[in-house]
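A.B. asks: Mind having a look at this structure? Questions to follow.
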Amino acid sequence: MVVYLAFFTLWVFLIDNRVSKYDTAIAIVLLILNSINFAREIWQSNFGRHLGYFSSGWNQIDLASIAGVYAYSVLFATSKGNASDHVPLAVITTLLLTMKLISYLRAFNETGWLVTVLSQNFRDVRGFLLVLFAVIVGFAICFQQLFSSNDSSEESNYFGSLRTSMLSTYEMCILGQYESSLLYESQHQVLSILTFVLAVTCILVVVLNALISLLADSYARVQENAVANRRKEKAELIVEYMSLLPSWRRLQ
């Protein structure tokens, strides 16, 4: 855990554009530590022969984060330290490394059960997110038709394309951020107001309340087996690190 925190800190220093004096040294140390992590993953997977290893989501995150660090380090070296050219890769790799950091928290009593709750929540809301996405797309198309033709309003530019309309619909219906002038300056004022009321009622009231109920049920299921879930997370980590030991050490 301490070693990984040091690794994560070095990664933050590497992608920080304000740090440049020791970038080369930091990149070298990161590559060494990343190679050690990669060798450990190869050993745990029994050199790729343990197929069950690749079925674990946490292991997939480990391998993806290692690949991301390698790719960013290579691009960073070939671009002569110009980190701004590889921001998307840095963002994706940072998210993967953050999830890997969360996986280490499974070993502690104070945080292990929270990781279990969050993991179960994400599994339970997959279908819900698909439904929410479909609803947002539908209203985004409606708002694009209603507001994109309103040339007298600067806010109408937020609905000029489907992509911007989806983001604006998300802000309007979930975050509650909107300009009332959009509704009154529209060429179809009554229809705009009715569509807005329907969207807010459907998404902000009905759909999000359903999400709260879904997450509450998910939390209750995890709490029913709280002790077992804590032990399960610890057991997975123990098995993971036991696989690093030679066979004669496992028998002791």
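The values are calculated or read from the model by the stated rules, or taken from the named source; none is laboratory data. Predicted, not measured: the structure shown is a model, and the values here were computed from it. Using ideal geometry, Cβ is built from the backbone for each residue, glycine included, and neighbour counts are taken over all protein chains shown. We work out accessible area using only protein heavy atoms, side chains counted, and drop any ligands, DNA or RNA first. Shrake-Rupley method; radii C 1.70, N 1.55, O 1.52, S 1.80 Å.
A.B. asks: Counting other Cβ atoms within 10 Å, keep those with at most 11, restrict to DSSP loop, and tell me which chymotrypsin sites (Phe, Trp or Tyr not before Pro) in region 36-67 are left.
C.D. replies: Counting only loop positions with at most 11 other Cβ atoms within 10 Å, the chymotrypsin sites (Phe, Trp or Tyr not before Pro) in region 36-67 are F47.
A.B. asks: Taking R0 as 45 Å, what's the FRET efficiency between V190 and A6 from their Cβ-Cβ distance, rounded to 0.05?
C.D. replies: My answer for the efficiency is 0.15.
A.B. asks: For L194, tell me the accessible area in Å² from a 1.4 Å probe, rounded to the nearest 10.
C.D. replies: My reading of the accessible area for L194 is about 110 Å².
A.B. asks: Going by accessible area, probe 1.4 Å, with all protein chains left in place, what is the ranking of T93, T78, T201, largest first?
C.D. replies: The ranking, largest first, comes out as T78, T201, T93.
A.B. asks: Top to bottom by accessible area (1.4 Å), largest first, where do R126, R221, R106 land?
C.D. replies: R126, R221, R106
A.B. asks: Starting from the 7 Å offset along Cα-to-Cβ, what nm value, one decimal, do you get for the label separation of F128 and L101?
C.D. replies: 2.6 nm
A.B. asks: I've got another one for you. Which sequence of Y22, Y178 reflects their accessible areas, 1.4 Å probe, from the largest down?
C.D. replies: In descending accessible area the options line up as Y22, Y178.
A.B. asks: Please find the FRET efficiency linking V87 to L167, where r is the Cβ-Cβ separation and R0 is fixed at 22 Å, and quote it to the nearest 0.05.
C.D. replies: Between V87 and L167 the formula returns 0.70.
A.B. asks: Leaving ligands, DNA and RNA out of it, work out the accessible area of E110 with a 1.4 Å probe and give it in Å² to the nearest 10.
C.D. replies: The accessible area comes out at roughly 130 Å².
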